[in-house]
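Heads up: the structure comes next, in structure tokens.
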Amino acid sequence: MLEDILFQVNKPGRYIGQEWNLTQKDFKTSEIKFALCFPDLYEIGMSNLGVRIIYGILNNIPDVVCERFFSPASDMEKILRDKNMEISSLESRRSLKEFDFIGFSLGYELDYTNVLNILELGSVSLESSLRDENHPLVIGGGPCALNPEPMHEFFDLFVIGEAEEVILEIIDLYRKFENQFKTAKISKQELLLAFSHIEGVYVPSLYEVVYNPEGRIEEFKTKVSGVPTKIKKRFLKDLDSAYFPLEWLTPYISIVHDRISLEIMRGCPNACRFCQARYLYFPVRQREIKNILNLASRTYTRSGYEEISLCGLSVSDFPGIEELLKCLIDLFKEKAVSISLPSIKPKAMLGNLLSLIATIKKTGLTFAPEAATERMRRILNKDFDILDFFEAIKQAYIYGYQNIKLYFMIGLPFEEQTDLDAIVDLAIATSELRKNINKKAAQVNISINTLIPKPHTPFQWFRMEPIESIKYKQDYLKRKIRNRRLKLSLRNPYMSLLEGVLCRGDRRLSKVISAAFRKGARFDAWDSYFVFERWQEAFRESRIIPDFYLQEKSKDECLPWDFLAMGINKEDLIREADKISET
């Protein structure tokens, strides 16, 4: 049956499984069965290092089998629905409801309707309240769990923070109570209460929210005694000894990051005020160079990939980055393996780093000034020295680089038209600088995103700039940029608006997400699928005004995510927020 379907879909390699280094475990004899789901296409999910880590950790437990599910593309979904078929795992073609746990990696708010689609295609009830001991437990984790409330209705529990240790404790506890739960000797609520005592686990059904007449949260409280009032973020103390997937699953089709992603550090030493990831992965931890070299060598041997990407929030801040890069180049110079780095700080490139990178890759360099004026960068607390930047660019052109990519944000507090002009001026100057080297301007790609004031950042109290203003600024930049050597990329402002609502929302958004899903919302992170009108209708039907969640917030207001303890004091965030207004 599957073979017949594969002839009817685009990219059948998304659904065949059987990749190189695939874990083969007996589903029937495994005591605990875990469905690991990623709410986007296979080629996106297989590029996610977190998915690979959890997959490996769970399958290393003798009595646990972990199998993968990804969002089916629209052509496959249509076939499944037309033929009344269920989605099945890549490993053993098991249906979703045959598992004990269904775990979702929640990396992006615009994937929320894909979560519901996977559940429905697996014949699993969407609402947690409709699932009993005869149904799997649904777990969520990842960056979006920093405000889990908009999805509270669909999940039994959330993991807050890093899951490597927590997931083992969840499995251990379930093993202890599994027989009693499945025979209804203890209720689902009693099992969830036991889970809630694991540090880093949040069980939404054990809490309730009281709203005031204005619709703001008056009180967030427990419904059961003994439940923690604050959920502490979990994080690994020692990254160097943490699990890394050496048996690198190698797909048969190209994926977005078609290479080995080698995490060399976790957390970021910088304090950019807009960056939620800094607070999610705080504190900073790194692997030792000798361990990184060992992981790189062993993973390469098992996969055969010819590119290794060093990943982390700010890899150029890794202590000894030049030494590490030199060692990696020496290790793989006879094997034609390239080493790549993400966005790099200009000042990090003024030593030997640029010359080392130039020996392995000259396709292009990426920088993230985020703002083009010093005043705006002070507001963002962005460490980016413009003189260092121009010197690094000059050296890059000397080494033969031709393409530069620059990341900026608009919609910042106190932003003026001169700040927009400066974006264009900086891009032109970056391009023209190459003329001094070989008389030809460089190609500069300019990526413009809208600032979304995220939870757990100093911007969380600021309003998000209205969409009319963002559209005006985007149009202004399009009119200003006439240089054919500059290529402008702008994000759909309605996608940014929706992301802002969903990331700053409360429990009442669950019904909006459900309504949008019923109207056909899928793959909202993709421009080709995103239809904002579906969401507008869902908001209207649910009697929710989106702008309510984008407004400025009082510093003494109870925010939907205030019950999460991220390891950073709220008073420190308030002080940073006050500095924004004083800049």
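The values are calculated or read from the model by the stated rules, or taken from the named source; none is laboratory data. Please read all numbers here as calculations on a predicted model, not as lab measurements. A quick note on method: Cβ atoms are made from the backbone with ideal geometry, for glycine too, and the neighbour counts reach across all protein chains shown.
For the reader, a short list of remarks on this structure follows.
- Residue identified as without any contact (Cβ under 8 Å) to a residue 24 or more places away in the chain, more than 27 Å from Ser314 (Cβ to Cβ) and either under 21 Å from the mean Cα position of the chain (by Cα) or in the same structural domain as Gly13 (by TED's automatic domain parsing) (or both) among Glu219, Glu208: Glu208
- Within segment 374-403, the residues that satisfy the criterion of being within 23 Å of Asn270 (Cα to Cα) and not charged (D, E, K, R) are Met376, Ile379, Leu380, Asn381, Phe384, Ile386, Leu387, Phe389, Phe390, Ala392, Ile393.
- No other residue among Leu350, Leu356, Leu387 is farther than 30 Å from Tyr305 by Cβ, among the aliphatic types (A, V, I, L, M) and at pLDDT below 90 apart from Leu350.
- Among residues that are part of a helix (DSSP H, G or I) and surrounded by 15 or more Cβ atoms within 10 Å (Cβ to Cβ), Ala441 is not included.
- Count of segment 329-354 residues which are of a type in the set (A, V, I, L, M) and part of a loop (DSSP other than H, G, I, E, B): 5
- Some residue of segment 491-500 being outside any loop (DSSP other than H, G, I, E, B) and within 21 Å of Thr373 (Cα to Cα): no
- Filter result for the condition that a residue is surrounded by 17 or more Cβ atoms within 10 Å (Cβ to Cβ) and of a type outside the set (Asp, Glu), over Leu350, Leu313: Leu313
Results for (1) among the acidic types (Asp, Glu); (2) surrounded by fewer than 21 Cβ atoms within 10 Å (Cβ to Cβ); (3) more than 18 Å from Ile102 (Cβ to Cβ), shown as yes or no for each residue.
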{"residue": "Pro150", "(1), (2), (3)": "no, no, yes"}
{"residue": "Ile167", "(1), (2), (3)": "no, no, no"}
{"residue": "Asp172", "(1), (2), (3)": "yes, yes, yes"}
{"residue": "Lys176", "(1), (2), (3)": "no, yes, yes"}
{"residue": "Leu193", "(1), (2), (3)": "no, yes, yes"}
{"residue": "Val201", "(1), (2), (3)": "no, no, no"}
{"residue": "Leu206", "(1), (2), (3)": "no, yes, yes"}
{"residue": "Tyr211", "(1), (2), (3)": "no, yes, yes"}
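- Condition met for Leu406 (closer than 19 Å to Phe274 by Cβ and either exposed (fewer than 15 other Cβ atoms within 10 Å of the Cβ) or at pLDDT 95 or above (or both)): yes
- Residue in segment 419-455 that is farthest from Asn492 (Cα to Cα), counting only those that are small (Gly, Ala, Ser) and at pLDDT below 95: Ala441
- Filtering Leu550, Leu559, Leu573, Leu564 for residues that are at pLDDT 95 or above, buried (at least 19 other Cβ atoms within 10 Å of the Cβ) and out of contact with any Phe, Trp or Tyr (no Cβ under 9 Å at 6 or more places or on another chain) leaves a single hit, Leu550.
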